[in-house]
1. Out of the helices (runs of 4 or more DSSP H) lying entirely within segment 83-166, which hold 3 or more residues that are free of Cβ contacts under 8 Å to residues at least 40 places away in the same chain and either buried (at least 19 other Cβ atoms within 10 Å of the Cβ) or in the same structural domain as Ile10 (by TED's automatic domain parsing) (or both)?
2. Given (1) more than 19 Å from Gly7 (Cβ to Cβ); (2) touching a helix residue (DSSP H, G or I) at 6+ places or on another chain (Cβ under 9 Å), identify the lone condition not met by Asn151.
3. Taking segment 182-192 on its own, how many of its residues are over 14 Å from Gly78 (Cβ atoms) and either of a type in the set (Gly, Ala, Ser) or surrounded by fewer than 11 Cβ atoms within 10 Å (Cβ to Cβ) (or both)?
4. Which members of segment 16-73 meet the condition of being closer than 21 Å to Pro190 by Cβ and free of Cβ contacts under 8 Å to residues at least 12 places away in the same chain?
Amino acid sequence: MTALILGLLIFLGAHSVRIVAEPWRARTIARIGEGAWKGGYSVLSAVGLALIVWGYGAARQDPVALWAPLTWARHLGGLLTLVAFVLLAAAYVPGNGIKARLHHPMVLGVKVWALAHLLANHTLADLLLFGGFLLWAVLDFRAARRRDVANGTRYPAGSLAGTGIAVVAGMAAWAFFAFWAHAAWFGVRPFG
């Protein structure tokens, strides 16, 4: 469990600098340069992610159950992950109405993904992993919205075509993940 916790602290810590220390971040980038900042950020993120994967895998070998699994929660989790994938796609498809309306669909997608996995799983490692990501996403979304207000950020209106592409791309990615990749990569069949 130590590797999982350390990985979460490193990964989410690196991703939290804009939440807790935006002025320090700006000064540091100005001093060392954007390339050096992104390089260090990438290294920390990779180390944190590797520790999360390793630590979570190890914790799954000796799980600490916190409550009894709920069948209905797995089904709701599957539906919520569909929403999360559409939000993730909306972060990258230009000119879609989802991003125009919600402004930060990737962070919202992380929120929904984490909540879905908290509902569907029941161990201490699940609570640490998905609860950590959910807490981070709530705080990050709030900070991003405050930055938007402070900077007067305006998001362009989305088109029906862009929104449709985001929805279809998200649904296709969800289907690939739900019916093949999740089992192949993580050893768990969400619907099996």
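The values are calculated or read from the model by the stated rules, or taken from the named source; none is laboratory data. Since we're looking at a predicted model, the values are computed, not measured. Here the Cβ is made from the backbone with ideal geometry for all residues, glycine too, and neighbour counts use every protein chain on show.
1. 105-120, 124-151
2. Condition not satisfied by Asn151: (2).
3. 3
4. Within segment 16-73, Gly57, Gln61, Thr71, Trp72 qualify.
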